[in-house]
Each structure stands twice: as C-alpha cells, then as structure tokens.
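The values are calculated or read from the model by the stated rules, or taken from the named source; none is laboratory data. If you're wondering where the values come from, they're calculated on a predicted model, not measured in any experiment. Virtual Cβ from ideal backbone geometry, glycine too; neighbours counted across all protein chains shown. Heads up: the accessible areas ignore ligands, DNA and RNA and are worked out on the full protein's heavy atoms, side chains in. Shrake-Rupley method; radii C 1.70, N 1.55, O 1.52, S 1.80 Å.
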Amino acid sequence: MRNFVIFIIILCSVSFLIAGTRIDSLEVYLKTADQDEKVVILNKLSQAYQEISARKSITYAQSALQISQESGIRIDIATSLTNLGSAYYHLGNYNKALEFHSKSLEIYQQLADKSGMLIANNCIGRDNEKLGNYDQSLNFFLISLKLSNEINDQNGISMGLNNLGNLYHSLNNYDKALEYYQQALDLEKDSGNKKEISLALNNIGIMYTNRGDYSKSLEYYNQSLQIEQELGNIKGISSVLNNLGIVHQKLNEYDKALNYFQRSLDLILETGNQYGIAETFINIGQLQILMNNMADAYANISQGLKFATAIGAQQLIMNGYLALSDFYKVNKNSEESLRYFRLHTKIKDEIFSEEMTQKITNMQAQFEMGEREHDFVQLEKNNQIMELQTEKKNLYLLLLLASLFMVTGFSVVQYNRNKNKKNNNLILQNEILDRMSAEKRLIKRLKIEKVITKISSRFINVSDFDAAVDETLKEIGRMCEASRSYLFLLDNDKNTLDNTHEWCKDGVQPQVSNLQDIPTDSLPWWMNKLENDEVIHIADVSKMPTEAHQEKKSLQDQNIKSLLVLPMRSANNLIGFMGFDNVTKAEEWKEEELSLLKISTEILGVYFEKREIDNKLEQAYFGLEKRIHDRTRELAETNHELQVEVTERKRIEIQLNDSFLKLKKAIEETINAFISAVEIRDPYTAGHQLRVAKLSYEIASEMKLNKMQLDAIRIAAILHDIGKIYIPNEILSKPSALTETEFSVIKNHPLAGYDILKTIDFQMPIAKIVYQHHEKINGSGYPQGLIGNEIMLEARIVNVADVVDAMISQRPYRSSHGIDNALEEITINAGILYDPEVVEICLDLFNEKGFQFEEIKIRTAPR
C-alpha cells in the first residue's frame with residue numbers, strides 16, 4: 001500500500017509540473033486515503049507548502065505527526081517531526097524548529113537511518129546558524145557532510161556544502177564561503193536540480209556583492225531569479241529581489257533599490273517567513289537613511305528589530321542595532337548612536353568570540369585532516385592493487401628477471417609513495433599554517449573590536465577625562481604594538497599644538513614635556529595633511545618627501561622610525577590629532593590598526609563636541625540666570641502697577657460676564673420664542689427639532705468638537721426647521737403625498753430659516769448651518785446643491801440626525817419606518833448622500849452605546 005501511495009505522489013508531482021495542480025491533486029487524494037496513505041500525503045503537502053505558506057505547512061505536519069503517533073510507526077514520526085521543524089524554520093521560529101529537529105534526529109539515530117540522520121543534522125545546523133550558535137552549527141553540518149560521503153548522497157553533499165557556505169558567510173569569511181558555494185553549484189549542475197542550482201547561484205552572487213564586484217553579482221542574481229520564476233518559488237524570488245536591492249543600494253541607485261526591496265517585502269509577507277520579513281524591513285530602513293527619509297527609516301528598522309527579536313535571530317538583531325546607530329549618527333544624536341553601537345558590538349563579541357573562532361577553526365581543520373587521511377589510505381590501497389595486478393600479469397613473461405625487477409619496482413614504488421606522501425603532508429601543513437595565520441588575524445580583529453567597544457563605553461559617561469584618555473592610549477598602543485601613543489590638541493587660536501596625553505612602552509623615553517607650545521607654522525606639511533582630513537601614514541621616516549623636511553627632522557630627533565596619525569575633529573573643525581609610532585623599526589601599519597585609530601579619534605571627537613556643547617549650555621545657563629535675576633528685579637518694580645491693572649481688569653471682567661449672561665439669556669429666550677412660535681404653528685415640528693438637537697449634540701461630542709461648535713450645533717438643530725412657519729399648514733399636515741409644486745414650497749424652508757436668523761448676532765454660524773442642513777455630499781441636496789466639504793461639518797451632522805429622526809417618526813401621510821430602516825438608510829448612502837464619518841459615529845451611538853431619544857414609542861414629525 002505504501003508503494004502505491006508513493007506512486008500516486010510521484011504522479012501528482014508530474015501533474016504539478018505539467019499543469020500546476022500537484023498540491024490540488026494531493027489534497028483531493030487525501031480525502032479518500034487511508035491512515036497510512038494520509039501520513040505520506042500530509043508530509044508531502046507540508047513540504048510543498050514550506051516556502052509558500054509556513055503556517056499551512058505546520059498544520060499539515062502536525063496532522064501527519066498525530067496520525068504517526070497513533071500508528072506507532074517510528075520512521076513516519078521522525079519524518080513528520082522533521083517537516084514540522086522545517087515549517088517552523090521557514091516561519092522564522094528557530095527555537096521551535098530546533099526542538100522538533102532534535103527529536104527527529106534522536107529517532108533516526110535509534111533506527112540507524114543514515115539518510116534521515118543526514119537531513120536532521122543539516123536542519124539542526126541551519127537552526128543553530130540562525131540562532132547565532134555557529135560552533136554548534138558547524139559541528140552538525142560536518143556530521144551531515146560526513147554521512148553524505150559515507151552513503152554517496154550527492155544531494156546531501158550539495159546541501160551540506162551550501163550550508164557550510166552560509167555559515168562562513170555569517171562569519172564574514174567570504175573566500176571560504178565562496179569556495180563551498182562553487183563546489184555546491186558544480187555538483188548541482190551535474191544533477192540538474194534547478195532549485196539547488198538557483199540557491200547556489202544566489203549565494204555566489206551574495207559573495208561577489210560582499211567583495212564589491214557588483215557586475216558579477218548581478219549576473220549570478222539574474223540567473224537565479226530566472227530559475228526561481230520558472231519554479232514559481234515565492235520565497236526564492238523574494239530572496240533574490242532583496243539581494244538585487246542591496247546591490248543597487250551599493251551602486252547608489254536608491255530608487256531601484258527601494259523598488260526591489262518593496263517587491264521582496266510584498267512576497268515574503270505572503271509566506272509568513274519572519275526572518276525574511278525582519279531582514280527586508282531593516283534593509284529598507286538602512287536605504288531610507290541614505291535617502292534622508294528619516295521617519296520611514298526609523299519605523300522600518302524598528303519593525304525589523306521587532307520581528308528579529310521575536311524569533312531570536314542574533315545576526316539580524318546585531319544588524320538592526322547597527323542600523324539604529326547609523327540613524328542616530330546621521331541625526332546628530334551621538335549618545336543614542338553610541339548606545340546602539342555598543343549593543344551591536346556586544347552581540348558581535350558574543351558571536352565572534354575568540355573561543356568560538358578557535359572552536360570553529362579546530363573543527364574545520366580536524367574534519368579536513370580526517371578527509372585527507374581517508375584519501376591517503378584509499379590512495380595507498382589503490383596503488384597496492386595496481387601493483388599486484390601488474391606483478392601477476394608480468395610474472396610469466398619476466399620470470400628470469402623477476403628478482404631484479406621486483407627489487408627495482410619495489411624501490412621505485414616505495415620512493416614515489418614516500419615522495420607523494422611527503423608532498424601531500426607538506427600541502428596539508430601549508431594549509432594548516434594558512435588557517436592558523438587566518439585564525440590569528442581573526443583573533444586580533446576580535447581583540448581590536450573589543451578595545452573599540454571598551455573605548456566607546458568609556459566616553460559615554462566619563463567622569464575623569466584625563467584618566468579615560470590615558471587608558472585609551474595605553475590600550476591602543478599595546479594592541480598595535482607601538483612604542484608610543486599620544487594625543488595632541490590645538491589651542492583656541494590654532495597657532496600652537498600641545499602634547500596633552502602620552503603612553504609609552506616600557507623602556508621608551510617619554511616626550512610629552514618636550515612637545516608643548518609647538519608653533520603650527522613649523523609643521524606646514526603636517527598641518528596641511530591634517531586640515532585636509534588626510535591620514536599621515538609614514539612607514540619609514542627616512543623616506544619622507546622633501547617638502548616634509550621640517551617634520552622629518554623633528555621626528556628623527558625623537559628617534560621615530562614609523563608612525564600613524566589621524567586628524568581629530570569636533571563639529572567638523574580640526575582640534576588636534578591622535579597617533580602612535582615605533583622607535584625601534586620602520587614598518588607598514590596594518591589596516592585593522594588604522595581602523596582602531598580612526599574609530600578612537602571619532603569617539604574622542606564626539607566627546608569634545610559634547611563637552612563644548614555642555615560648556616556652551618553652562619555659559620548659557622549662567623547668562624540666563626543673570627537675565628532672570630535682572631528681569632525679576634524689573635518685575636518687582638512694576639508689580640504694583642500690574643496689581644492695579646489686574647484689579648481694573650477684574651472689574652471689567654465682571655461687567656463683561658454680566659453682559660455675557662444677559663446676552664446668553666436673551667439668546668435662549670429668542671430660541672424659546674422661536675420654538676413656541678413653531679409649536680403653535682405645528683407641534684410636531686417642535687418635538688422633531690428637539691430630538692434632532694439631542695442626537696446632533698451627541699454625534700458632535702463623540703467627534704471631539706470644541707465647545708463653541710457644540711453650542712452652534714445644538715442651537716442650529718433646535719432651529720433647523722424654523723423656516724417652516726412660512727409654509728401653509730395644509731401642506732405641512734397633508735395626509736397624502738405632496739405634489740411637485742407643494743414639495744418645491746417645502747424645499748424653500750432652509751432659505752426662509754436663513755433669512756429669519758441671519759440678522760441675529762449669535763457669535764456662531766447658526767443661520768448658515770440651518771441654510772445647509774438639507775444639502776447632500778454628492779450635490780443632490782437643496783437649496784444650493786453643495787458638494788462634499790462645501791457643506792459645513794456642523795450642517796452634515798444635523799443632516800444625518802434629521803434623516804434618522806424623520807424616518808423613525810410617524811408622518812401625517814405614513815407610519816414610522818422604524819430605527820433599523822433608518823440606520824440602514826444612512827449606512828447604504830454613507831459617502832454618497834451623507835458624511836461617512838458622521839454616519840459611523842451615529843451607528844456606534846445606537847448600536848454600541850445604547851443611545852435613545854427621550855421617548856422611544858412611535859411619534860409624529862413634520863416633513
């Protein structure tokens with residue numbers, strides 16, 4: 001039965017390649033399959049959905065695992081656990097992925113299933129790599145590669161090579177990564193596996209990007225993109241688009257880069273891959289810093305960091321902190337920039353620690369030596385077989401000379417064997433020496449980065465500046481194996497230089513006391529270099545140019561053989577320089593030493609800039625304090641006059657308040673008079689106006705309008721139908737439908753109301769609101785046919801309240817439509833006749849907040 005299921009799955013796979021229906025076919029067959037068949041199909045569906053929808057892949061794998069556990073078939077349980085772990089990997093939940101992959105490996109080991117162990121070890125290696133556990137990651141990758149070689153699994157070898165390339169890429173060892181990627185590509189070209197070929201092409205493109213060979217990287221990316229598009233692999237397409245964005249960013253083609261990043265983000269969001277989402281957000285943020293879109297830059301980097309932190313992706317978290325450091329640096333916030341740089345460096349130190357680097361180097365060397373020893377043994381066996389065959393073939397032909405030829409042949413073979421072994425050992429020794437040399441360089445770089453971290457931390461909240469500088473110079477000098485390291489500062493007029501701080505190696509004569517008040521015009525070549533922000537790198541003082549003869553003499557007087565000096569700036573102004581020298585030998589200073597000195601001068605420059613700002617703030621504070629004192633005295637002198645003025649103002653205020661209360665009372669009486677006039681004319685209109693006023697006021701309150709607007713809406717709503725006092729009673733109370741002529745008379749009531757109210761000084765636009773309360777936002781209202789925002793917001797509010805009360809009220813010619821129909825009317829026509837925001841708030845009042853009119857029974861209202 002299982003063979004039959006596999007046949008069906010293969011058949012579905014072919015169907016997918018031809019007609020794009022593989023997944024559909026599997027899902028259809030799943031409905032009629034038995035339990036054993038379902039496990040296989042569910043696992044295949046989980047694999048198919050891993051790069052399309054990780055969450056759907058998890059669902060299928062969980063179902064497969066449940067059935068497998070019920071059946072107790074251990075190989076099915078292991079397969080389901082592997083797929084479940086891989087689904088979580090594609091989702092970006094690497095801790096969860098590691099948990100399930102570890103469980104699957106345990107079962108494969110118990111079953112002695114080398115193919116399963118190979119896959120599980122590879123998966124666990126990938127999980128650890130994303131979590132930043134690089135030593136563990138390498139261990140699992142090497143085990144997987146060893147298993148692949150044992151069972152001659154070419155796909156497993158290719159996968160292992162690609163994973164090793166990824167690991168060394170994460171460790172910034174691009175040459176080693178490229179070596180593995182190229183080996184993987186060569187293998188996959190032989191097998192014709194398009195997906196793996198595309199993966200290798202994409203990875204090689206990344207390496208060329210890191211090397212700065214952008215034309216080469218574009219060539220590989222485009223090849224990979226073409227294959228991914230043919231395969232329809234969303235995750236693969238997204239990855240390549242993201243990498244194309246990085247290349248175009250490097251080429252300063254920012255619009256192109258942003259387009260690629262956004263296309264990548266749209267695709268990766270579909271898959272739910274949180275690692276890819278986080279990476280793309282951070283990339284977009286870094287690009288927007290360069291494009292000076294600071295608000296968007298911060299939002300995208302923060303969003304990326306949020307995703308990266310949620311899944312524990314240390315590499316991405318480290319990149320996110322560096323991006324925020326760059327963001328704050330561009331925005332001149334040096335404290336925040338340094339804070340995030342420290343967070344970045346802390347993670348970097350953990351990832352690239354000396355202990356981990358030593359572990360990885362040793363593991364790699366042991367693996368390669370083991371592989372070579374295996375090759376040597378195999379070579380010796382092959383040689384022995386060939387010798388025996390040759391001896392047997394020639395035994396009868398060379399019987400008389402057998403002894404002589406055997407002795408000679410044995411000697412030659414032994415000599416060649418020893419020679420080959422010696423050469424191979426020599427090659428191996430050279431490679432190990434090269435790796436040890438690379439290891440030493442890496443360890444030194446790590447030490448330099450730790451020194452940089454300590455220096456940056458030291459100057460964030462420095463209490464003793466001189467001690468901090470002395471400690472910094474000591475660390476720089478010892479790290480770079482210099483004789484002396486020092487700091488020189490210019491005076492305020494920039495006419496002289498002073499050696500303010502110095503560190504000397506044991507046995508080296510200090511010069512700080514001899515290097516005070518040095519005139520800058522005595523060092524023209526030196527100062528010109530510094531003013532132009534150039535590095536002064538002198539490998540051999542005796543070979544300095546002719547134009548630097550004054551500086552050459554000064555350096556030789558101090559017995560200096562070579563030196564490295566960088567200008568130090570504060571607020572873009574030269575304030576001095578920092579450097580170190582060697583008094584024992586002439587030497588070329590290394591790039592990492594230049595990097596250390598450069599960052600140190602930048603940190604000190606930022607500190608000096610901050611100190612200058614603090615001094616200016618302190619001076620400003622004292623100046624402000626004096627001004628406050630003087631101003632206080634002036635205020636004291638005028639205090640009496642102000643008290644008199646305040647007393648007079650209070651008296652006037654009381655009078656104004658009395659006048660206001662009288663005016664308000666007059667307005668209320670006027671309104672009541674209008675209401676009484678309407679009620680006498682038509683009692684239904686008066687009740688309708690009060691209900692519309694209540695609903696209008698509630699809507700306006702929810703919209704957070706100010707008090708004056710609320711008062712205007714309440715008064716206008718009470719008076720909105722005042723114009724109907726001019727309409728004949730037989731039309732208002734007509735028990736049947738109005739004629740066109742009669743309705744045209746009704747439509748005049750907003751203008752009539754406006755004419756009545758426009759002469760009254762309400763201090764609010766009451767008349768205008770009344771005039772517009774029957775206008776519709778699509779222009780179909782009356783009497784002016786206004787459109788959209790041409791209608792006052794207050795009038796749009798009264799309009800909605802008017803419609804609701806009119807529909808739920810009983811009319812002379814019809815019964816009530818009911819509240820549901822009234823709310824349906826404003827819902828359907830929201831954005832057409834009525835303001836959509838006003839409608840939304842009105843619906844919320846009735847449906848969510850329980851708004852009711854004072855009477856809820858059916859009532860009568862005018863037209």
Test of understanding: what is the full-extension gain from ILE613 to VAL535, defined as 0.36 nm times their sequence separation minus their Cα-Cα distance?
25.4 nm
Using amide H atoms built 1.01 Å from N in the peptide plane, name the residues 5+ places from SER570, or on other chains, whose amide H lies under 5 Å from its own.
ILE575
Could you give me the ³J(HN,Hα) list for region 273-282, computed from phi with Karplus coefficients 6.51, -1.76, 1.60 and θ = phi - 60°, whole Hz, x at Gly and Pro?
6, 5, 5, x, 4, 4, 4, 5, 4, 5
Cross-link reach list, aspartates and glutamates versus LYS724, counting only Cα pairs under 14 Å and skipping chain neighbours closer than eight places
GLU679, ASP682, GLU742, ASP755
Candidate aspartates and glutamates for bridging to LYS616, where Cα separation is under 20 Å - those fewer than 8 sequence places away on the same chain excluded
GLU335, ASP464, ASP491, ASP493, GLU625
List the residues whose amide H sits under 5 Å from the amide H of SER809, counting only those 5 or more places along or on another chain, with H placed 1.01 Å from N in the peptide plane.
HIS817
Could you work out how far apart the two model spin labels at GLU840 and ASN333 are, taking each label as a point 7 Å from the Cα in the direction of the beta carbon, and quote it in nm?
3.1 nm
Name all residues of region 520-556 having a backbone nitrogen under 14 Å from the label point set 7 Å from the Cα of ALA586 along its Cα→Cβ direction, giving them as ranges.
538-546, 552-553, 556
Could you name the aspartates and glutamates in cross-link range of LYS561, using Cα to Cα under 19 Å and dropping any fewer than eight places away on the same chain?
GLU481, GLU502, ASP506, ASP540, GLU547, GLU551, ASP581, GLU587, GLU588, GLU591, GLU593
For a 21 Å ceiling on Cα separation, which of these pairs sit above it: LYS450/LYS474; LYS130/LYS346; LYS348/LYS454; LYS454/LYS610; LYS447/LYS529; LYS329/LYS454?
LYS447/LYS529
Just to verify a number: FRET efficiency for LEU251 and LYS194, C-beta to C-beta distance, R0 = 45 Å, to 0.05?
0.95
Per residue, what accessible area does region 40-80 have, given a 1.4 Å probe and all protein chains present, in Å²?
41 Å²
Rounded to the nearest 10 Å², the 1.4 Å probe accessible area of LYS96 is 70 Å²
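Answer rounded, prolate or oblate for region 76-186, using the Cα gyration tensor with square roots of eigenvalues a ≥ b ≥ c: rounded when a/c is under 1.5, else prolate when a/b is larger than b/c, else oblate.
Oblate shape, in that a/c is at least 1.5 and b/c is the bigger or equal ratio.
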Under a plain spin-label model, where a point goes 7 Å from the Cα along Cα-to-Cβ, how far apart in nm are GLN556 and ASN573?
3.7 nm
Please compute the contact order of region 118-178 in relative form: average sequence separation of alpha-carbon pairs under 8 Å and at least six residues apart, divided by the residue count, as a percent.
31 percent
Measure out, as a whole number of angstrom, how far apart the alpha-carbon centroids of region 194-233 and region 710-736 sit.
75 Å
Mind checking the full-extension length gain between GLN763 and TYR726? Use 0.36 nm per residue of separation minus the Cα-Cα distance, one decimal, nm.
10.8 nm
What FRET efficiency do you get for ILE828 and LEU690 if R0 is 22 Å and r is their Cβ-Cβ distance, rounded to the nearest 0.05?
0.20
Starting from the amide H of ASN331, placed 1.01 Å from N in the peptide plane, find each other amide H under 5 Å away whose residue is 5 or more places distant or on another chain.
none
Once you sort the root eigenvalues of the Cα gyration tensor of region 451-498 as a ≥ b ≥ c, which label holds: rounded (a/c under 1.5), prolate (a/b larger than b/c) or oblate (the other case)?
oblate
With θ set to phi - 60° and the Karplus curve 6.51 cos²θ - 1.76 cosθ + 1.60, what are the ³J(HN,Hα) couplings of region 307-318 in order, to the nearest whole Hz, using x for Gly and Pro?
5, 4, 5, 4, 9, x, 7, 4, 4, 5, 4, 4
What is the distance, in nm, between label points placed 7 Å from the Cα along the Cα-to-Cβ direction at LYS494 and at MET544?
2.2 nm
Short version: ³J(HN,Hα) in whole Hz for each residue of region 230-238, in order, from phi by Karplus 6.51 cos²θ - 1.76 cosθ + 1.60 (θ = phi - 60°), x for Gly and Pro, what are they?
5, 7, x, 8, 4, 5, x, 4, 4
Please sort by residue number the GluC sites (Glu not before Pro) in region 253-324 whose DSSP state is loop and whose Cβ has at most 14 other Cβ atoms within 10 Å.
GLU253
